[in-house]
Amino acid sequence: MGSNSSRIGDLPKNEYLKKLSGTESISENDPFWNQLLSFSFPAPTSSTELKLLEEATISVCRSLVENNPRTGNLGALIKVFLSRTKELKLSAECQNHIFIWQTHNALFIICCLLKVFICQMSEEELQLHFTYEEKSPGNYSSDSEDLLEELLCCLMQLITDIPLLDITYEISVEAISTMVVFLSCQLFHKEVLRQSISHKYLMRGPCLPYTSKLVKTLLYNFIRQEKPPPPGAHVFPQQSDGGGLLYGLASGVATGLWTVFTLGGVGSKAAASPELSSPLANQSLLLLLVLANLTDASDAPNPYRQAIMSFKNTQDSSPFPSSIPHAFQINFNSLYTALCEQQTSDQATLLLYTLLHQNSNIRTYMLARTDMENLVLPILEILYHVEERNSHHVYMALIILLILTEDDGFNRSIHEVILKNITWYSERVLTEISLGSLLILVVIRTIQYNMTRTRDKYLHTNCLAALANMSAQFRSLHQYAAQRIISLFSLLSKKHNKVLEQATQSLRGSLSSNDVPLPDYAQDLNVIEEVIRMMLEIINSCLTNSLHHNPNLVYALLYKRDLFEQFRTHPSFQDIMQNIDLVISFFSSRLLQAGAELSVERVLEIIKQGVVALPKDRLKKFPELKFKYVEEEQPEEFFIPYVWSLVYNSAVGLYWNPQDIQLFTMDSD
């Protein structure tokens with residue numbers, strides 16, 4: 001590195017890096033550090049270049065791993081960085097570009113080294129590299145200062161305290177990236193880490209008081225979506241002689257180490273994301289999700305999750321209970337707007353799920369909004385484009401809908417919101433439809449996709465649970481939504497008959513051959529009958545609670561009434577079929593009395609008149625359909641690999657060798 005601009009290919013021969021990783025100890029007061037940190041080379045602009053950077057510096061890193069126990073140069077570099085950060089806030093206020101630039105360069109080198117160290121050694125070995133004492137080389141005393149903890153606290157201070165300006169944007173991104181790297185040891189373990197040195201530092205000691213401030217800062221970074229400054233906006237003009245301290249500053253620092261990279265590899269459906277408009281917001285969100293999903297310590301809960309669970313609206317003036325630690329306030333309106341606008345990414349959907357599921361203040365606020373379509377429509381669009389999304393993203397979107405449909409107020413209000421021209425819904429032109437009817441259409445489409453493609457039982461269950469929660473509040477269903485409900489039942493009926501026929505044929509075949517193992521058609525039949533019963537309960541719930549609001553559903557029932565004949569006497573469905581059979585018989589009789597060749601309009605008119613005449617006491621009452629989302633036991637087994645796959649694919653300017661990753665497989669979804 002050093003004062004001259006470098007290319008990636010030159011790094012293994014760079015005299016400053018060779019000295020840093022060599023056998024000679026370098027004092028933290030040595031002028032060498034100013035020379036080392038006065039570099040700028042064209043920043044990597046793709047995952048390929050990031051890989052080249054890692055490959056070019058691996059020999060330097062390995063030399064440092066070997067020599068650092070004797071030289072302590074890594075510790076000296078960190079001390080140089082720590083001493084500089086004490087003046088960083090003042091430097092930002094004074095617009096001291098050179099000081100901030102060199103401090104950023106120090107952190108960039110630390111981050112690169114740390115990533116290699118974490119990948120190649122255990123946390124215990126890593127800690128030894130950070131506890132070097134110059135007075136006795138190679139001897140690690142328990143009384144020696146812990147630079148690892150000090151560096152982590154310093155990063156938290158930098159993220160929370162340094163004002164976000166053009167000249168501090170990239171060092172803020174780098175500080176967040178370095179914290180992500182600190183926690184990346186999880187990537188190199190197949191099992192979920194429940195105890196680690198980095199967890200210990202973050203959950204107790206001098207880092208703990210920064211908990212709420214860090215979570216709040218990361219959330220505000222996500223909310224504000226600050227774009228990086230334009231190239232050259234915060235640096236001195238390039239010197240005419242092309243050399244010296246500022247050589248290449250405009251091309252190196254301004255184009256920045258915040259350049260965005262989309263890393264592929266995790267998940268068979270890793271979306272090709274467009275260039276991120278705000279690397280700071282993206283990186284902040286990833287770190288927030290990593291922190292929120294750390295496992296609890298043996299003697300204390302995860303403080304970052306506690307902070308996420310308890311923060312309140314800035315407009316809420318009620319005092320925090322003394323039992324709630326790490327509490328803070330944030331502008332809910334700004335957070336809601338950002339969440340609505342950013343749902344195209346997995347990580348934003350995961351944040352929305354986390355907040356809805358864990359923070360009752362946020363959930364109450366969102367359910368009280370009168371513009372819920374701004375939040376629900378992006379979620380529906382994720383489900384609609386299920387073929388293009390990875391299964392985790394679809395699952396999170398579906399669970400969000402399930403959580404929302406637990407609230408009766410939500411289920412009523414979505415039928416009052418009228419939408420026009422839903423352009424992304426391509427099966428049929430929807431010039432005008434309620435949000436509730438659109439939600440039903442998309443969920444039914446997801447069920448049908450799942451039946452023919454993925455066949456995920458949990459996806460089925462959660463889709464049906466959301467429809468069941470809504471069913472008593474169905475209002476003025478769009479004719480197409482009513483048709484699709486009955487069409488889904490038709491599809492299930494055909495599947496039931498097919499499985500029943502296969503089971504019968506299999507049973508006949510078993511009489512002539514006792515040696516051939518039989519497919520478990522009984523289990524398949526049981527599953528399909530559970531789903532059919534659920535659909536009948538959803539239809540029944542609507543008829544029992546809001547028959548007069550849904551003439552289109554009655555019309556669709558009458559049009560396809562033959563579908564239900566086979567289930568009238570079936571022992572699994574007899575009870576639930578009573579009301580449906582009654583409604584079909586009652587309205588069929590009235591249509592018969594009205595004569596033949598009735599128009600659609602006339603049929604609907606007869607239905608609306610008949611609703612008033614139908615004795616409600618003849619409809620049997622069933623328990624209300626209500627399903628509540630319950631997180632599975634040990635949710636970290638799902639969420640931690642998921643979060644780290646997002647980091648792997650989406651982190652700004654970070655690259656890990658796929659062959660080193662142990663937490664998830666590269667072809668998993």
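Observations
- Scanning the range 1-26 for residues that are within 39 Å of the chain's Cα centre (by Cα) and modelled with pLDDT under 90 returns Met1, Ser5, Ser6, Arg7, Ile8, Gly9, Asp10, Leu11, Pro12.
- Gln662 loosely packed, with under 13 Cβ neighbours inside 10 Å and in contact with a His (Cβ under 7 Å, 6 or more places away or on another chain): yes
- The lone exception for Arg618 - which of (1) in contact (Cβ under 8 Å) with a residue 40 or more places away in the chain; (2) more than 30 Å from Gln358 (Cα to Cα) it fails: (1)
- Scanning the range 552-566 for residues that are touching a residue at least 60 places away in the same chain (Cβ under 8 Å) and either surrounded by fewer than 16 Cβ atoms within 10 Å (Cβ to Cβ) or farther than 19 Å from Arg618 by Cβ (or both) yields Asn552, Tyr555, Ala556, Tyr559, Lys560, Leu563, Gln566.
- Scan of the range 72-104 for residues that are of a type in the set (S, T, N, Q) and either assigned to a helix (DSSP H, G or I) or at negative phi (or both), ordered by number: Asn73, Ser83, Thr85, Ser91, Asn96, Gln102, Thr103
- Among residues of the range 426-451, those that are over 20 Å from Ile400 (Cα atoms) and either in a loop (DSSP other than H, G, I, E, B) or hydrophobic (A, V, I, L, M, F, W, C) (or both), counted: 8
- The set of residues from the range 370-406 being surrounded by fewer than 21 Cβ atoms within 10 Å (Cβ to Cβ), in a helix (DSSP H, G or I) and of a type in the set (S, T, N, Q) comprises Asn374, Ser391.
- For Ser38, the conditions (1) open to solvent by less than 10 Å² (accessible area, probe 1.4 Å); (2) within 25 Å of Asp161 (Cβ to Cβ) are fulfilled apart from (2).
- Any hit, the range 461-469, residues being open to solvent by less than 10 Å² (accessible area, probe 1.4 Å) and more than 24 Å from the chain's Cα centre (by Cα): yes
- Looking only at the range 323-346, and only at residues there that are open to solvent by less than 10 Å² (accessible area, probe 1.4 Å) and assigned to a helix (DSSP H, G or I), the one that is farthest from Leu285 (Cα to Cα): Phe332
- Residues (closer than 21 Å to Gln127 by Cβ and part of a loop (DSSP other than H, G, I, E, B)) located in the range 159-191: Leu183, His189, Glu191
- Residues in the range 348-363 that are out of contact with any Asp or Glu (no Cβ under 9 Å at 6 or more places or on another chain), surrounded by fewer than 22 Cβ atoms within 10 Å (Cβ to Cβ) and farther than 26 Å from Ser437 by Cβ: Thr354, Gln358, Asn359, Ser360.
- Qualifying residue in the range 313-322 (condition: under 28 Å from Val630 (Cβ atoms) and open to solvent by 60 Å² or more (accessible area, probe 1.4 Å)): yes
The values are calculated or read from the model by the stated rules, or taken from the named source; none is laboratory data. On a predicted model such as this, the values are computed, not experimentally measured, just so you know. Every residue, glycine among them, receives a Cβ derived from its backbone with ideal geometry; neighbour counts consider all protein chains shown. Just the protein is used for accessible areas: all its heavy atoms, side chains included, with ligands, DNA and RNA removed. Shrake-Rupley method; radii C 1.70, N 1.55, O 1.52, S 1.80 Å.
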